[in-house]
Amino acid sequence: MSGLAGKMQHSLTVAGQTDYPHGFTNDLICSQFMEATGAEIVVRCLAEEGVEFVFGYPGGAVLNIYDEIFKQNKFKHVLVRHEQAAVHAADAYARATGRVGVALVTSGPGATNAVTGIATAYMDSVPIVVVTGQVPTPAIGMDAFQEVDTVGITRPCVKHNFLVKDVKDLAETMKKAFIIAATGRPGPVVVDVPKDITAHTTEFVYPASIEMRSYNPVVKGHSGQLKRAVQMLLEAQRPMIYIGGGVVLGDASKQLVEVASLLGFPVTNTLMGLGGHPATHRQNLGMLGMHGTYEANMAMQHCDVLLAVGARFDDRVIGNPAHFAREQRRIIHIDIDPSSISKRVKVDVPIVGDVKHVLTEMLALLKQAKDKPDAALTAWWTQIELWRSKNCLKYNKQSSIIKPQYVVEKLWEVTKGDAYVTSDVGQHQMWAAQYYKFDQPRRWINSGGLGTMGVGLPYAMGVQLAFPDAQVACITGESSIQMNIQELSTCKQYRIPVKVLTLNNGYMGMVRQWQEFFYGSRYAESYMESLPDFVKLAESYGHVGMKIEKPEDVEAAIKEAFSPALKERMVFMDFITDAAENVFPMVEGGKGLSEMILAEEL
Amino acid sequence: MNSRHIISLLMENEAGALSRVAGLFSARAYNIESLTVAPTEDATLSRMTIVTTGSEDIIEQITKQLNKLIDVIKVMDLTEGQHIERELMLVKVKAVGAGREEMKRTADIFRGRIIDVTEATYTIELTGTGSKLDAFLEAIDSALIIETVRTGASGIGRGERSLKV
Ligand SMILES: Cc1ncc(C[n+]2csc(CCOP(=O)(O)OP(=O)(O)O)c2C)c(N)n1
């Protein structure tokens, strides 16, 4: 039991700044049987996990927990202005740091407000733990005040969820939640804690680890499959490496870069995979998919051997699967989640495992191999360079109206490619992905899978809190930013000096683009009357506001925003951009990858 | 090509476990013909039998998605090998006049048992594969059927083949 005592001692120091009324030393207390309330247990578990920030919003069902938060100083609670933002901020913290993000919300409307954040994290496989308050156990099912079936509502958008019905299970459940969120294919876990459970007491023991017979994620890849894969790669005439968010989430970009460099193959990233392979690397063809580069989409379509790593061939990436299947190619697919393999596209060599692990083994095999990549590779690169020379991302730099692409390019220059960039959803998101060249993983924070407008600002907050000295930019649209604009208040309270760059085209640009192309330019409800004066709005919260209307002012504005003088300040830049600009290249829904519309063709 | 599959699984006997499986099927628009579940000899474990139809690709996805559920311990597609399938059906039928004897004879042929009798009705218990139960219902005059209730299939592997923790 000595290990246990040690654990307890450590746990006690969590609440150590509270006074022990009898003047006991910690050691003395530890040798006694100590009861803790459920609320204390929640807080101690979070401290045991080394949680730095809890993003949350109080309410009746979680008041016991908040009271314990008040008494501790192991982690900082960040009070948001809407529960959705709490979950987004926790999600961004996780994406940027690789650690589990934590949010805390009350029952009923607190939980329902959190759902969009949870679903967003789920679609992008982000490890977060969301603690939700629940009505007291005897009230469950009674349509009690602020009761919702949180476990039921969140079931389809969590990796797992728990309703804690006995305080004795609480610590173990919290441990399981953190393990499940962080391991295997990561994802959100909800722990629903009824109010009476937070008042009940039990002995607190935080397990160091827990075995779950039903949960054993695979780590190592199958060695036979790995050998086949290596052979296939070395025989390839027109190879392609296609990487997704799994490379970023799995911290495997170092290994990926080594494998790609050794082979000399072209690499493309999905929206979620940006930064997994450096954008400025010669072998990098940029993003693929609906708004991917010409060279990436063409190479993807015409390759004969495809190495897919931590990616899932989703509809925005390969377009029409039947069209994709028209070209003969052999596919090697490495993924931690077996259900991602052969879901939309048949795979020849499936390798289930942790991508970092598998790539490390693959690298070793490649180094041992006597064969070298096929000589045909040279001709393939010649072809690719031809595609690349189309320069599909060129845009009018002589324009007298600010081009949105230009703002992103300037941001990249001013921040030396070293910023954390969050975005919302729409055209600006695609331009951010296309024109900010991410050379490092975990720098690009966006909602890829769910496409949630409103994530940008809370994402930036989560990242900035994790890295107080980093440059954090939120590239957004005037519509998206208004979906969580209330967080300007949170930025004020905690002095979070994020820089917001609104590409203000007056429209829900991405909707407008689709209406222009597919609905005869009937712009139904995609134009917003009565935008606020964003400068004044920012200033009303004590932030710095800037309105930029001319191309020649763009660079200076960004430089000023990131200057030492404004380092501690939140800056809101409202760039008035070309309302008619569209995102190119574009693969229409249902079309094949190689059937892109290019800017010059219109 | 769609075909019928019987999927057996063992899962933690936890509150909500059933709804995770049922929710998965509806969320991903998988077919579900029947689903039965009950605890096993080990009370911490539930065993579920799901009868579904789908193409090979869909069935592969179903088993993968089931395996992905945190509470699920093991999944087996029974139809991939030798297996036994049984379903229980209770049928309440009108049984009067000449038809009464006829009904008993048909039940006997299908090895059914009459487990409740009134002057005008029989309640017949039948076990077998789903298709045998279907065959019985087709063999009797449908106008005589008052009520049927079926459990859905349970399945088990033949011989040494077993699903255990
Ligand atoms: C919560 C939510 N509602 C609706 C949408 C659909 N949608 C996708 S992009 C977009 C327009 C975004 O406009 P804006 O933020 O101004 O960005 P822009 O496209 O102009 O760059 C909309 C409405 C969404 N993605 N998320």
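When you check B:ILE109 against the structure, is it over 26 Å from B:SER8 (Cα atoms), open to solvent by 70 Å² or more (accessible area, probe 1.4 Å) and at pLDDT 95 or above, yes or no? So B:ILE109 passes the test. Can you confirm whether the stretch A:420-430 contains a residue that is in contact (Cβ under 8 Å) with a residue 40 or more places away in the chain, under 29 Å from A:PHE53 (Cα atoms), more than 16 Å from the ligand (Cβ to nearest atom) and away from chain B (no Cβ under 14 Å)? The answer is yes; a qualifying residue exists.
For the stretch A:390-408, taking the residues that are hydroxyl-bearing (Ser, Thr, Tyr) and under 32 Å from the mean Cα position of the chain (by Cα), the one that is most open to solvent (accessible area, probe 1.4 Å) is identified as A:TYR406. When A:THR378 is tested against (1) farther than 17 Å from A:HIS281 by Cα; (2) at pLDDT 95 or above; (3) of a type in the set (S, T, N, Q); (4) not assigned by TED's automatic domain parsing to the domain that holds A:ARG282, only condition (4) is not met.
Whether a residue is assigned to a strand (DSSP E or B) and either open to solvent by 10 Å² or more (accessible area, probe 1.4 Å) or touching a Ser or Thr at 6+ places or on another chain (Cβ under 8 Å) (or both) was assessed, and A:THR476 passes this test. Could you please let me know if A:TYR519 is of a type outside the set (Gly, Ala, Ser), in contact with a helix residue (DSSP H, G or I) (Cβ under 9 Å, 6 or more places away or on another chain) and away from the ligand (no atom under 13 Å from the Cβ)? Considered against the rule, which asks whether it is of a type outside the set (Gly, Ala, Ser), in contact with a helix residue (DSSP H, G or I) (Cβ under 9 Å, 6 or more places away or on another chain) and away from the ligand (no atom under 13 Å from the Cβ), A:TYR519 comes out as no. Tell me, yes or no, whether the stretch A:110-124 has at least one residue that is open to solvent by 10 Å² or more (accessible area, probe 1.4 Å), of a type in the set (Gly, Ala, Ser) and under 16 Å from A:ASN161 (Cβ atoms). Yes, some residue in the stretch A:110-124 is open to solvent by 10 Å² or more (accessible area, probe 1.4 Å), of a type in the set (Gly, Ala, Ser) and under 16 Å from A:ASN161 (Cβ atoms). Every test in (1) of a type in the set (Val, Ile, Thr); (2) under 24 Å from A:MET212 (Cα atoms); (3) within 14 Å of chain A (Cβ to nearest Cβ); (4) open to solvent by 30 Å² or more (accessible area, probe 1.4 Å) is passed by B:VAL37 save one, and that test is (3).
Does any residue of the stretch A:200-215 turn out to be under 25 Å from A:SER342 (Cβ atoms) and either surrounded by fewer than 23 Cβ atoms within 10 Å (Cβ to Cβ) or not assigned by TED's automatic domain parsing to the domain that holds A:ALA39 (or both)? Yes; the residues of the stretch A:200-215 include at least one that is under 25 Å from A:SER342 (Cβ atoms) and either surrounded by fewer than 23 Cβ atoms within 10 Å (Cβ to Cβ) or not assigned by TED's automatic domain parsing to the domain that holds A:ALA39 (or both). Can you confirm whether A:ASP354 is within 14 Å of another protein chain (Cβ to nearest Cβ), modelled with pLDDT of 95 or more and over 11 Å from A:ALA308 (Cα atoms)? Spelling it out, it is not the case that A:ASP354 is within 14 Å of another protein chain (Cβ to nearest Cβ), modelled with pLDDT of 95 or more and over 11 Å from A:ALA308 (Cα atoms).
Meeting the requirement of 1 or more residues that are modelled with pLDDT of 95 or more and within 14 Å of chain B (Cβ to nearest Cβ), the helices (runs of 4 or more DSSP H) wholly within the stretch A:61-160 are A:109-123, A:150-154.
So that you can scan it fast, the table gives a plain yes or no per residue for (1) modelled with pLDDT under 95; (2) under 30 Å from B:ILE73 (Cβ atoms); (3) small (Gly, Ala, Ser):
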{"residue": "B:GLU119", "(1), (2), (3)": "no, no, no"}
{"residue": "B:ILE124", "(1), (2), (3)": "no, no, no"}
{"residue": "B:ASP134", "(1), (2), (3)": "no, no, no"}
{"residue": "B:ALA139", "(1), (2), (3)": "no, no, yes"}
{"residue": "B:ARG150", "(1), (2), (3)": "no, yes, no"}
{"residue": "B:ALA153", "(1), (2), (3)": "no, yes, yes"}
{"residue": "B:GLY157", "(1), (2), (3)": "no, yes, yes"}
{"residue": "B:LYS164", "(1), (2), (3)": "yes, yes, no"}
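Hey, can you tell me all the residues within the stretch A:280-314 that are open to solvent by 20 Å² or more (accessible area, probe 1.4 Å) and under 18 Å from the mean Cα position of the chain (by Cα)? Matches in the stretch A:280-314: A:ARG312, A:ASP314. Check whether at least one residue in the stretch A:313-321 is part of a strand (DSSP E or B), more than 14 Å from chain B (Cβ to nearest Cβ) and at pLDDT below 95, and report yes or no. Yes, some residue in the stretch A:313-321 is part of a strand (DSSP E or B), more than 14 Å from chain B (Cβ to nearest Cβ) and at pLDDT below 95. Within the stretch A:522-540, being open to solvent by 60 Å² or more (accessible area, probe 1.4 Å) and more than 16 Å from the ligand (Cβ to nearest atom) holds for A:ASP533, A:LYS536, A:GLU539, A:SER540. Set side by side, the residues A:LYS536, A:LYS550, A:LYS559 differ, and just one is outside the structural domain of A:PRO321 (by TED's automatic domain parsing) and farther than 24 Å from A:GLN405 by Cα, which is A:LYS536.
The single condition from (1) within 14 Å of chain B (Cβ to nearest Cβ); (2) part of a loop (DSSP other than H, G, I, E, B); (3) crowded, with 23+ Cβ neighbours inside 10 Å that A:VAL191 fails is (2).
The set of residues in the stretch A:479-495 that are part of a loop (DSSP other than H, G, I, E, B), crowded, with 23+ Cβ neighbours inside 10 Å and either within 14 Å of another protein chain (Cβ to nearest Cβ) or more than 6 Å from the ligand (Cβ to nearest atom) (or both) contains only A:ASN484.
This table checks each residue for (1) part of a helix (DSSP H, G or I); (2) within 12 Å of the ligand (Cβ to nearest atom); (3) open to solvent by less than 20 Å² (accessible area, probe 1.4 Å); (4) among the hydroxyl-bearing types (Ser, Thr, Tyr).
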residue: A:GLU413; (1), (2), (3), (4): yes, no, no, no
residue: A:ALA432; (1), (2), (3), (4): yes, yes, yes, no
residue: A:GLN440; (1), (2), (3), (4): no, no, no, no
residue: A:ASP469; (1), (2), (3), (4): no, no, no, no
residue: A:LEU503; (1), (2), (3), (4): no, yes, yes, no
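Give me the pairs: first residue in the stretch A:200-227 and within 14 Å of chain B (Cβ to nearest Cβ), second residue surrounded by 18 or more Cβ atoms within 10 Å (Cβ to Cβ) and of a type in the set (Lys, Arg), beta-carbon distance under 9 Å, and six or more apart or on different chains, which are they? Correct list of pairs: A:ILE210/A:LYS175; A:ILE210/A:LYS176; A:MET212/A:LYS176; A:TYR215/A:LYS176; A:PRO217/A:ARG185. I'd like to check something: does the stretch A:264-272 contain any residue that is within 30 Å of A:THR112 (Cα to Cα) and assigned to a loop (DSSP other than H, G, I, E, B)? Scanning the stretch A:264-272, I find at least one residue that is within 30 Å of A:THR112 (Cα to Cα) and assigned to a loop (DSSP other than H, G, I, E, B), so the answer is yes.
Before we move on, is B:ARG20 out of contact with any strand residue (DSSP E or B) (no Cβ under 7 Å at 6 or more places or on another chain) and open to solvent by 70 Å² or more (accessible area, probe 1.4 Å)? Here the answer is no, as B:ARG20 does not meet what is asked.
The values are calculated or read from the model by the stated rules, or taken from the named source; none is laboratory data. All values reported here derive from a predicted model rather than from experimental measurement. Quick reminder, even Gly has a Cβ in these numbers, built from the backbone with ideal geometry, and neighbours come from all protein chains shown. When the accessible area is computed, the model is the full protein with side chains, heavy atoms only, and any ligands, DNA or RNA have been set aside. Shrake-Rupley method; radii C 1.70, N 1.55, O 1.52, S 1.80 Å.
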